[in-house]
Amino acid sequence: MGVETTRPGVGTELPPLEIPVTRTLIVAGAIASRDYQDVHHDAELARQKGSPDIFMNILTTNGLVGRYVTDYFGPTAELRKVAIRLGAPNYPGDTMVLTGRIEELDDERGTATVRVVGANGLGNHVTGTVTLTFTEATVTVTLTDEADS
């Protein structure tokens, strides 16, 4: 395919992004966001509190959702609002698959709203919407074939 520029519209599905949920990702995300709750880094204490293992914090999930959407829209996209709700926990050894769909697109205002779902082996880990603005009024997406990268 090479490099192709396309004009997404309402209803456009973003390509899925698989994120392996590792202990390193969970602990690093908690440390980076200064969330020192033991359930995010100490498996034994998490078990004592009723969880089968450590689990990802909301700030890490929030960052991954933002990354997913801005990676799709590119460097002219800026996050304006991220409204998410957590569901099933992300435990080590699972995979979270992020999917998205453009729900609103306003070229005049340079905004887009994307509905995002992040599912793992237990169900939906995260659901919500992300609103973006663009420094260029017309939204285009550059697609590259990974084989060409």
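The values are calculated or read from the model by the stated rules, or taken from the named source; none is laboratory data. Only a predicted model underlies this, so the values are computations on that prediction, with no experimental measurement involved. So basically every Cβ, Gly included, is an ideal-geometry build from the backbone, and we count neighbours across all protein chains shown.
Per-structure values
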quantity	calculated
Residue 115 assigned to a strand (DSSP E or B) and of a type in the set (Lys, Arg)	yes
Selection from region 56-100 of residues that are of a type in the set (Lys, Arg) and exposed (fewer than 14 other Cβ atoms within 10 Å of the Cβ)	80, 81, 85
Some residue of region 58-78 being in contact with a helix residue (DSSP H, G or I) (Cβ under 7 Å, 6 or more places away or on another chain) and more than 21 Å from residue 34 (Cβ to Cβ)	yes
Entirely in region 1-77, the helices (runs of 4 or more DSSP H) that have 2 or more residues that are β-branched (Val, Ile, Thr) and in contact with a Leu (Cβ under 7 Å, 6 or more places away or on another chain)	58-73
Answer from 39, 27 - the residue that is out of contact with any strand residue (DSSP E or B) (no Cβ under 6 Å at 6 or more places or on another chain) and modelled with pLDDT under 95	39
Lone unmet requirement of (1) crowded, with 16+ Cβ neighbours inside 10 Å; (2) modelled with pLDDT of 95 or more; (3) not in a loop (DSSP other than H, G, I, E, B) for residue 105	(2)
Residue among 133, 60, 95 that alone is within 18 Å of the chain's Cα centre (by Cα) and either within 13 Å of residue 14 (Cα to Cα) or modelled with pLDDT under 95 (or both)	133
